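This report concerns only the one structure given below.
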């Protein structure tokens, strides 16, 4: 009987070089630094998302807002509370509280400061909130009560449209201070229907003409300064309205510059 010689020799596992099988059996080492870094990132992300959810719910209560926005927002909160208790509403914001809450509906500070609820406006709102928070921490927040400038007018602008769309969409020249705003044009192009002007000789012709796009930076807050105390009809300042008219006429290149504004009693 012939024998086949087996010349293959198994490697010596006592030698430093473990060879192929030893490499397979050897347990890989974990990089704990990377593991902890990944866990830290996940925890930070979870905390950030959780804080956003918490703030999103908490900001629906005015008491939460004035917790940080102490000055001048505390003043606005006190004005609204006084109006709800039966006192004379001394600014447009307090008047809104008085009328809306009096009718059994809900209104909160955030309703006028969150825009149209879109994702883009949600980001703008959060960025503005972080900016305000940083300024508050470093002591650079503006304590002035009668502010004439709105930091993010596009948010409050679309907040106005949420309730006052009918005012913006009444067609005709008599309502041009509203229906010629870029906001009104955007609403109409998005499918909102125009409203026939009252007492028009041919309302259908006015409706068929539609609206034109005018490039102006005039916003609702240009004329309707929500937190100014004004003892005037509809809480309007004739000088502020006049400035808004002139600004719009200059920017669109149409209309008179010698505008005279008279508020109806």
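Couple of notes before you dig in:
- Within segment 216-253, the residues that satisfy the criterion of being assigned to a loop (DSSP other than H, G, I, E, B), more than 19 Å from residue 161 (Cα to Cα) and free of Cβ contacts under 8 Å to residues at least 40 places away in the same chain are 232, 237, 253.
- Of residues in segment 143-187 being farther than 20 Å from residue 242 by Cα and in contact (Cβ under 8 Å) with a residue 60 or more places away in the chain, the one surrounded by the fewest Cβ atoms within 10 Å (Cβ to Cβ): 143
Taken together, the values in this text are just the output of simple stated rules run on the coordinates, not laboratory data. Just so we're clear, the structure is a prediction, and the values are computed from it rather than from any experiment. Cβ sites come from the backbone with ideal geometry, for glycine too, and all protein chains shown count toward neighbours.
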